[in-house]
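Student: Supplied in structure tokens, the structure appears directly below.
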Amino acid sequence: MINITKPFLPDMKEYIEYLEGIWEREWLTNNGPLVNDLELKLKEFLQVKHMLYLGNGTIALQIAIKALGLKNEIITTPFSYVATTTSIIWENCKPVFADIDPKTLNVDADKIEALITPETTGILLTHVYGNPCDVEKIDQIAQKHGLKVIYDGAHAFAVKYKGRSIFDYGDISTTSFHATKLFHTIEGGAVFTKEASILRKMSLLRNFGHSGNEQFEEPGINGKNSEFHAAMGLVNLKKTDQILASRKRQSLYYDQVIATVRVTRPEIHKDSEWNYSYYPVIFESEEELKKAVVMLNSHWIYPRRYFYPSLSTLPYLEHQPCPISEDISKRVLCLPMYHTLRQEDIEYIGRLLLRAQNN
Ligand SMILES: *Cc1c(COP(=O)(O)O)cnc(C)c1O
């Protein structure tokens with residue numbers, strides 16, 4: 001069986017060494033030494049100024065929205081994982097969808113301004129598949145209108161834009177370290193900011209608003225993560241360069257193998273160093289996509305429809321038409337991609353895709 005992804009598991013011995021330390025210290029959570037060490041090492045690896053390690057990528061989004069005091073309307077993308085939209089709803093804000101660019105699948109920055117109203121307080125966009133948004137144009141629009149910017153960088157680990165970490169952009173960037181992501185800590189996430197005052201606020205929010213044992217400065221939440229999760233991150237981080245290199249190799253091989261299949265690929269921002277974290281292909285029609293899925297599934301290969309459906313059609317929201325997102329999400333499929341995927345697996349997938357189209 002070939003699944004869309006397979007979580008990376010490190011050498012168990014290395015993980016156990018960290019566990020022994022936890023048993024010695026008897027310190028399991030609440031900002032322990034492994035959490036601190038992971039934060040330091042990640043800041044160095046990513047070359048970012050500030051970050052906080054959190055329980056998951058969804059609480060990261062919620063803490064970001066809360067820390068910036070966003071209210072009322074937030075302009076966001078209809079083409080992302082559902083957590084991008086639901087965190088806005090959980091913070092009692094209204095998601096206002098800007099349609100995407102059919103080439104990059106990120107929000108078309110030229111569509112943002114028309115959606116700004118007196119109720120708009122922020123912009124929350126996803127670097128879809130790790131492909132950087134048009135960060136400069138978005139920053140300009142935000143500054144002009146006094147809006148805050150959050151980037152959901154759940155797919156964007158290790159991505160650089162013009163030589164800098166993509167997490168350096170926006171008022172806050174967030175990411176996820178969930179088991180299915182390129183770098184993971186089983187469950188986990190993070191927030192990034194360049195502003196010390198925003199960092200302090202998020203650090204209070206992460207820990208119930210405690211500013212001392214008997215002092216509570218903010219209505220916070222529990223956004224912490226444990227020593228066990230941090231240990232997984234510390235072990236996995238050592239393998240990340242290798243994982244990044246294999247993703248690139250696999251991705252370039254897919255490019256060769258599917259060259260004659262009738263699909264197109266999203267355009268990756270030319271000023272970026274991408275992480276090749278996913279392998280999305282766009283079919284000419286939903287019917288072609290479905291034929292491909294049936295063919296692959298019948299050979300125990302399970303791609304995923306990332307992202308389907310378009311978030312603009314969620315049943316609990318009033319429909320805000322986004323024709324491009326709604327069209328593309330019906331035709332886009334992510335092919336399997338993980339560290340141990342072999343060349344012959346990729347060749348097999350390519351042959352099945354061709355066979356599905358020639359049937
Ligand atoms: C995975 C993901 C999230 C949620 O992260 P969790 O760590 O699973 O909570 C949010 N946004 C996007 C775009 C994601 O892919």
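Student: Does I150 meet the test of being within 20 Å of L311 (Cβ to Cβ), among the hydrophobic types (A, V, I, L, M, F, W, C), crowded, with 24+ Cβ neighbours inside 10 Å and away from the ligand (no atom under 13 Å from the Cβ)?
Tutor: In short, no.
For every residue, the table says whether it meets (1) under 30 Å from G233 (Cβ atoms); (2) modelled with pLDDT under 95; (3) in a helix (DSSP H, G or I); (4) out of contact with any strand residue (DSSP E or B) (no Cβ under 9 Å at 6 or more places or on another chain).
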residue: T58; (1), (2), (3), (4): yes, no, yes, no
residue: I63; (1), (2), (3), (4): yes, no, yes, no
residue: K66; (1), (2), (3), (4): yes, no, yes, yes
residue: S80; (1), (2), (3), (4): yes, no, no, no
residue: T121; (1), (2), (3), (4): no, no, no, no
residue: L125; (1), (2), (3), (4): yes, no, no, no
residue: I150; (1), (2), (3), (4): yes, no, no, no
residue: H155; (1), (2), (3), (4): yes, no, no, no
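Student: Which pairs turn up if I take residues in segment 281-303 that are assigned by TED's automatic domain parsing to the domain that holds V257 and under 21 Å from L252 (Cα atoms) and look for partners that are hydroxyl-bearing (S, T, Y) and surrounded by 14 or more Cβ atoms within 10 Å (Cβ to Cβ) with beta carbon separation below 6 Å, at least 6 apart in sequence or on another chain?
Tutor: I282/T264
Student: What are the residue pairs meeting all of these: first residue in segment 55-76, first residue within 23 Å of L105 (Cα to Cα) and hydroxyl-bearing (S, T, Y), second residue at pLDDT 95 or above and more than 14 Å from the ligand (Cβ to nearest atom), Cβ atoms under 8 Å, and 6 or more apart or on different chains?
Tutor: Correct list of pairs: T76/V96; T76/F97; T76/A98; T76/I123.
Student: Does any residue of segment 327-335 turn out to be surrounded by 19 or more Cβ atoms within 10 Å (Cβ to Cβ), of a type in the set (V, I, T) and touching a residue at least 12 places away in the same chain (Cβ under 8 Å)?
Tutor: Yes, because at least one residue in segment 327-335 is surrounded by 19 or more Cβ atoms within 10 Å (Cβ to Cβ), of a type in the set (V, I, T) and touching a residue at least 12 places away in the same chain (Cβ under 8 Å).
Student: Taking segment 84-103 only, how many residues are among the β-branched types (V, I, T) and surrounded by fewer than 19 Cβ atoms within 10 Å (Cβ to Cβ)?
Tutor: Matching residues across segment 84-103 total 2.
Student: Among the residues of segment 47-83, which ones are of a type in the set (F, W, Y), crowded, with 20+ Cβ neighbours inside 10 Å and either within 9 Å of the ligand (Cβ to nearest atom) or closer than 21 Å to F97 by Cα (or both)?
Tutor: Listed by number, the list holds a single entry, F79.
Student: Something else about it: Looking at L352, L296, which is the one that is touching a strand residue (DSSP E or B) at 6+ places or on another chain (Cβ under 9 Å), buried (at least 21 other Cβ atoms within 10 Å of the Cβ) and at pLDDT 95 or above?
Tutor: Only one candidate qualifies: L296.
Student: Also, quick follow-up: Inside segment 169-181, can you point out the residues that are under 21 Å from I75 (Cβ atoms) and either charged (D, E, K, R) or assigned to a strand (DSSP E or B) (or both)?
Tutor: D171, I172, S173, T174, T175, listed by residue number.
The values are calculated or read from the model by the stated rules, or taken from the named source; none is laboratory data. Quick caveat, the model's predicted, so the values are computed rather than measured. Note that we place each Cβ from the backbone using ideal geometry, even for glycine, and neighbour counts take in every protein chain shown.
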